[in-house]
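Trainee: Sending over a structure as structure tokens; questions will come in a sec.
The values are calculated or read from the model by the stated rules, or taken from the named source; none is laboratory data. It should be emphasised that the depicted structure is a prediction, and the values quoted were computed from it without experimental measurement. Note that we place each Cβ from the backbone using ideal geometry, even for glycine, and neighbour counts take in every protein chain shown. These accessible areas exclude ligands, DNA and RNA; they are computed on the full protein's heavy atoms, side chains included. Shrake-Rupley method; radii C 1.70, N 1.55, O 1.52, S 1.80 Å.
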Amino acid sequence: VQLQASGGGLVQAGGSLRLTCADPRRTFSNNAVGWFRQSPGKEREFVGGISWRGGNTIYADSVKGRFTISRDNYGNTVYLQMNSLKPEDTAIYFCATSRTAFPSSDAATYRYWGRGTLVTVSS
């Protein structure tokens, strides 16, 4: 397993969760990191990404203004802060290391993935 996502759980609509992506093999280095999610019966969806220094972030329209990505390069950890959660945010969330320094919504630009963490938002 290249990356380890954690922090998922059950939360009521309107609540918050913070997901953590750990990088024990130090694949982050000079690369961007992205978050994706997949719900049952749906294709994997881009959530957001952060550049290698953390100065640039991009988000899917569906989470913009509610989710925030940050990173701690010293600890090789990336975070996904999720606020104002909605039932439609229910999914397995994955983090991935990009091949480049800046994030993209294209999953093909990511080369290292980890096991996801389940987020369930009840109405």
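Trainee: Under the 0.36 nm per residue contour assumption, what length would be gained going from the current alpha-carbon distance of residue 83 and residue 105 to full extension?
Mentor: Values: separation 22, 0.36 × 22 = 7.92 nm, distance 2.09 nm.
Gain on extension, residue 83 to residue 105, equals 5.8 nm.
Trainee: Excluding residue 3 itself, calculate the net charge of residues whose Cβ lies under 10 Å from the Cβ of residue 3, where each Lys or Arg counts +1 and each Asp or Glu counts -1.
Mentor: +1
Trainee: With every protein chain in place, what's the accessible area of residue 84 (1.4 Å probe, Å², nearest 10)?
Mentor: Surface open to solvent at residue 84 totals about 60 Å².
Trainee: Another question about this same structure. How much accessible area per residue does the chain have, in Å², with a 1.4 Å probe? Provide the component values of the computation, followed by the final result.
Mentor: Numbers: 6310 Å² over 123 residues.
Accessible area per residue, the chain: 51 Å².
Trainee: Which residue fluctuates most in the GNM of the chain (Cα springs below 10 Å): 92, 50, 69?
Mentor: Residue with maximal mean-square fluctuation among 92, 50, 69: 92.
Trainee: Along the charge dipole of the stretch 1-110, which of 36, 77, 56 sits closest to the positive end, that is, farthest toward it, with unit charges on the beta carbon of Lys, Arg, Asp and Glu (+1, +1, -1, -1)?
Mentor: With unit charges placed on the Cβ atoms, the residue in question is 77.
Trainee: Ranked from the most accessible area to the least, with a 1.4 Å probe and all protein chains present, what is the order of 97, 120?
Mentor: Working: 97 0, 120 50 Å².
Descending order: 120, 97.
Trainee: Additional query: Given 37 °C and 0.692 mPa s, how large is the Stokes-Einstein diffusion coefficient of the stretch 55-97 in µm²/s, with Rh as the Kirkwood radius over Cα pairs?
Mentor: Numbers: Rh = 11.8 Å.
Reported coefficient: 279 µm²/s.
Trainee: If you average 1/r across every pair of different Cα atoms in the chain and take the reciprocal, what Kirkwood value do you get, in Å?
Mentor: Numbers: mean 1/r = 0.0715 Å⁻¹.
So the Kirkwood estimate lands at 14.0 Å.
Trainee: A follow-up question, please. If you add up the charges near residue 83, with Lys and Arg at +1 and Asp and Glu at -1, over every other residue whose beta carbon is less than 15 angstrom from its beta carbon, what do you get?
Mentor: Value of the local net charge: +2.
Trainee: While we're looking at this one, here's another question. If Rh is defined by the Kirkwood formula over all Cα pairs and Rg also comes from Cα, what ratio Rg/Rh do you get for the stretch 5-53? Before the final figure, lay out the partial values.
Mentor: Values: Rg = 13.2 Å, Rh = 13.0 Å.
Ratio value, two decimals: 1.02.
Trainee: Taking the Cα centre of the chain as origin, sum charge times position over the Cβ atoms of Lys and Arg (+1) and Asp and Glu (-1), and report the length of that vector in debye to the nearest 20.
Mentor: Values: 14 positive and 8 negative charges, 53 e Å.
Its charge dipole is roughly 260 debye.
Trainee: Once you place label points 7 Å from the Cα toward the Cβ at residue 26 and residue 115, how far apart are they in nm?
Mentor: 2.5 nm
Trainee: OK, next. Using only protein heavy atoms and a 1.4 Å probe, report how much of residue 88 is accessible, in Å² to the nearest 10.
Mentor: So the heavy atoms of residue 88 present about 120 Å² to solvent.
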